[in-house]
Amino acid sequence: EPDILIGTQIGQYEIKRVIGSGGMGTVYEAEQQRPKRLVALKVVKADLPSRSHLRRLEFESEVLARLQHPHIAQVFEAGMHRDSEGRMLPYFAMEYVEGTTLRDLLKSRVRLPPTEALPLLRQIAEALGYAWRQQQLVHRDVKPDNIIITTRGVAKLTDLGLARPAGDLGRNE
């Protein structure tokens with residue numbers, strides 16, 4: 001069934017298509033008006049706007065905005081959108097990464113040769129190491145679905161919605 005947000009405007013972003021959907025929200029390909037560029041726009045699901053989910057999405061946008069690394073998708077803006085039923089839904093716009101998830105890449109091939117696999121592994125490790133050493137953050141949801149391999153063969157870490165500061169790891173949400 002078609003997504004009702006396709007073709008609509010959220011902030012300065014025109015929704016083009018669904019990229020993916022997870023437990024907390026839907027990620028859309030969208031076109032930013034100024035500057036003109038494609039972005040990935042994450043919007044919380046309309047049926048999940050609990051305080052916990054809203055805090056998580058806000059935290060994810062703040063975390064990603066702080067992280068400045070070539071192998072971590074960059075956040076451009078965060079905001080709120082009033083849907084057709086009057087509910088306020090948070091969203092954030094981030095770097096649109098053209099490519100495929102590591103999961104899809106692994107499913108499409110029997111085995112990556114070491115000359116391709118090792119550079120990707122190194123890039124992922126560098127991104128995670130940067131998040132830990134520079135920001136004291138633990139991703140907590142590293143999986144092939146959250147790693148995008150660009151069309152140029154560069155790994156980009158995404159979806160830091162479950163990331164936590166190292167000091168908060170023992171606490172419940």
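What follows is calculated from the coordinates using simple rules that are stated; it is not laboratory data. Please read these numbers as outputs of a predicted model, since none were measured by experiment. So basically every Cβ, Gly included, is an ideal-geometry build from the backbone, and we count neighbours across all protein chains shown.
Here are the numbers for the structure shown:
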quantity: Gyration tensor over alpha-carbon atoms, the range 75-152, equivalent ellipsoid semi-axes in Å; calculated: 31, 18, 11
quantity: Entries in Lys42/Lys156; Lys107/Lys143; Lys36/Lys143; Lys16/Lys143 that, when Cα-Cα distance is taken, lie over 20 Å; calculated: Lys36/Lys143; Lys16/Lys143
quantity: Potential lengthening between Ala65 and Thr150 on full extension [0.36 nm per residue; Cα-Cα distance subtracted]; calculated: 28.6 nm
quantity: Cβ-based net charge around Lys16, under 9 Å, with every Lys or Arg adding one and every Asp or Glu removing one; calculated: -2
quantity: Theoretical gain in end-to-end length, Glu77 to Ala125 [0.36 nm per residue, Cα-Cα removed]; calculated: 14.7 nm
